[in-house]
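Novice: Dropping the structure in here first, questions after.
The values are calculated or read from the model by the stated rules, or taken from the named source; none is laboratory data. Computed from a prediction, not measured in an experiment: that's the story for all the values here. Don't worry about glycine lacking a Cβ; one is built from the backbone with ideal geometry, like all the others, and counts go over all protein chains shown. These area figures cover heavy atoms from the full protein model, side chains too; ligands, DNA and RNA do not enter into them. Shrake-Rupley method; radii C 1.70, N 1.55, O 1.52, S 1.80 Å.
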Amino acid sequence: MGNRPQSLSFFDSDRSAESVIARIGTACDGRLRQIMESLIRHLHAMTKEVGLTTEEWTAAIRFLTQTGQMCSDWRQEFILLSDVLGLSMLVDATNHQRPSEATQNTVLGPFHVAGAPRLPLGANISLDGKGEPLLVRGRVLDSKGAPIRGATLDVWQANHEGFYDVQQRDIQPEWNLRGRFETDREGHYWFRGAKPRWYPIPHDGPVGHLLAALDRHPNRAPHLHFIVEAPGHQTAVTHIFTPDCPYLSQDAVFGVKESLIAQFELVSDASRAASLGFTTPFWEVEWDFVLVPIADAQH
């Protein structure tokens with residue numbers, strides 16, 4: 001048969017990662033090369049470490065296929081997968097290292113919807129009136145404690161049954177428990193909603209089946225979502241959590257940070273409740289957001 005050309009490179013199981021990496025062309029983008037070389041090395045090392053069988057790899061491909069098939073306009077099963085593996089929180093932490101006095105980021109989650117209606121301060125985002133009434137108020141400040149006028153707060157939350165409006169389009173009103181608010185000249189914001197409750201992430205798909213196989217629950221600690229933006233400042237994608245939940249230290253997507261646990265007070269003052277359009281009692285939480293100037297942000 002003669003000698004084979006020395007330039008040909010054949011797959012070598014002992015040096016499998018190197019065999020694959022050697023096929024990456026010189027025109028490949030440098031950052032893509034760095035990421036893919038690391039991914040290939042780790043995947044091949046894991047395969048060898050656990051002795052991955054053909055049946056197990058086939059099951060993994062089936063799982064990833066089903067994960068993609070589960071995605072829709074309102075449900076992103078791959079985000080759920082990233083969340084429950086802690087990867088979403090790790091990527092976020094890697095990219096948003098902030099001073100201790102600044103509001104910390106946490107996961108965006110799969111149920112944010114762009115373009116929520118702009119509402120006047122004090123508006124009630126609970127369009128169906130269900131759940132325990134809640135007043136949310138506070139300020140948006142810069143890192144020196146000065147108020148930020150005109151900051152935008154994009155707010156959303158699940159209802160008292162643990163569903164977002166996009167999960168129940170024929171049951172909840174459109175834009176239920178969502179809205180965008182703008183701070184006043186002193187940086188104040190306030191709005192009315194419903195006290196959040198813990199709820200399970202969607203677990204009727206492949207990610208839920210994975211959690212069950214791992215003997216893990218799907219529950220999220222009660223929270224309100226916020227995206228807080230202001231010109232010249234780093235955007236904060238964050239939550240505030242209630243303190244009265246058994247899942248604070250067991251949040252299914254690892255989203256809880258101690259600095260984001262707020263105090264919710266039960267108010268029984270009838271006259272104050274009436275002035276807010278509430279019947280007594282109602283809940284109140286005061287929370288200030290502190291934004292970092294873009295020039296000071298750590299990456």
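Novice: Non-local amide H neighbours of Leu134 (under 5 Å, H modeled in plane, Pro and chain starts lacking H): which ones?
Specialist: Gly193, Ala194, Lys195, Trp283
Novice: Could you give the accessible area per residue of the chain, probe 1.4 Å, as a whole number in Å²?
Specialist: Heavy-atom SASA per residue in the chain reads 55 Å².
Novice: Using a ≥ b ≥ c from the Cα gyration tensor of region 80-170 (square roots of the eigenvalues), is it rounded, prolate or oblate, where a/c under 1.5 gives rounded and otherwise the larger of a/b and b/c decides, a/b for prolate?
Specialist: Verdict is oblate for region 80-170.
Novice: Along the Cα→Cβ direction, 7 angstrom out, place labels at Arg41 and Lys130. What is the inter-label distance in nm?
Specialist: 5.2 nm
Novice: Loop sites only, by DSSP: take the chymotrypsin sites (Phe, Trp or Tyr not before Pro) in the chain that have at most 12 other C-beta atoms within 10 Å and name the longest stretch containing none of them.
Specialist: Counting at most 12 other Cβ atoms within 10 Å as exposed, the longest clean stretch of the chain is 12-299.
Novice: Would you mind giving the three semi-axes, in whole Å and largest first, of the ellipsoid equivalent to the chain according to its Cα gyration tensor?
Specialist: Semi-axis lengths for the chain are 45, 24, 16 Å.
Novice: Have a look at Phe111, Leu85, His42 and report the one farthest towards the positive end of the charge dipole of the chain, computed about the Cα centre with Cβ charges (Lys/Arg +1, Asp/Glu -1).
Specialist: Highest projection toward the positive end goes to His42.
Novice: Also, I was wondering about something else. Return the carbon/sulfur percentage of the accessible area of region 146-299, one whole number, probe 1.4 Å, all protein chains in place.
Specialist: The nonpolar share, carbon plus sulfur, comes to 51 percent.
Novice: Binning at 10 angstrom from zero up to the longest distance, how are the C-alpha pair distances of region 104-229 distributed in percent?
Specialist: 12, 39, 32, 14, 4, 0
Novice: Further, regarding this structure: About the Cα centre of region 49-116, what is the dipole size in debye to 20, counting +1 per Lys and Arg Cβ and -1 per Asp and Glu Cβ, all else neutral?
Specialist: Approximately 180 debye in magnitude.
Novice: Where Rh is the Kirkwood radius over the Cα pairs of region 28-126, the temperature 4 °C and the viscosity 1.567 mPa s, what D in µm²/s does Stokes-Einstein return?
Specialist: Roughly 73 µm²/s, to the nearest whole number.
Novice: Please return the longest stretch of the chain lacking exposed loop sites, where trypsin sites (Lys or Arg not before Pro) count only if DSSP places them in a loop and at most 14 other Cβ atoms lie within 10 Å.
Specialist: 24-129
Novice: Using only the alpha carbons of region 181-299, determine the length spanned along each of the three principal axes and report them from longest to shortest in whole angstroms.
Specialist: Cα extents, longest axis first: 51, 45, 23 Å.
Novice: Hey, another quick one. Quick one: check the C-alpha center-to-center distance for region 135-200 versus region 228-284, whole angstrom.
Specialist: Rounded to whole Å, the Cα centres lie 9 Å apart.
Novice: In addition: Suppose only helical runs count, i.e. DSSP H with n ≥ 4. What mean residue ellipticity at 222 nm does that imply for the chain under -39500 (n - 2.57) per run, divided by all residues and rounded to the nearest 500 deg cm²/dmol?
Specialist: Taken over the chain, the calculation gives -7500 deg cm²/dmol.
Novice: What relative contact order, as a whole-number percentage, does the chain give when Cα pairs under 8 Å and 6 or more residues apart are counted?
Specialist: 20 percent.
Novice: Under the classification rounded if a/c is under 1.5, otherwise prolate if a/b is larger than b/c and oblate if not, where does region 55-106 fall, given a ≥ b ≥ c as square roots of the Cα gyration tensor eigenvalues?
Specialist: Oblate.
Novice: Which of the lysines could a cross-linker span from Lys144 if the Cα-Cα distance has to be under 30 Å and same-chain partners fewer than 8 positions apart are dropped?
Specialist: Cross-link targets: Lys257.
Novice: Cross-link candidates for Lys130: which lysines have Cα within less than 21 Å, leaving aside residues fewer than 8 places away along the same chain?
Specialist: Correct list for Lys130: Lys195.
Novice: Moving on to the next point. How high is the relative contact order of region 236-299, in percent, with contacts defined as C-alpha pairs under 8 Å that are six or more residues apart?
Specialist: The value is 27 percent.
Novice: Counting only GluC sites (Glu not before Pro) that sit in a DSSP loop (anything but H, G, I, E, B) with at most 15 other Cβ atoms within 10 Å, what is the longest stretch of the chain containing none of them?
Specialist: 187-299
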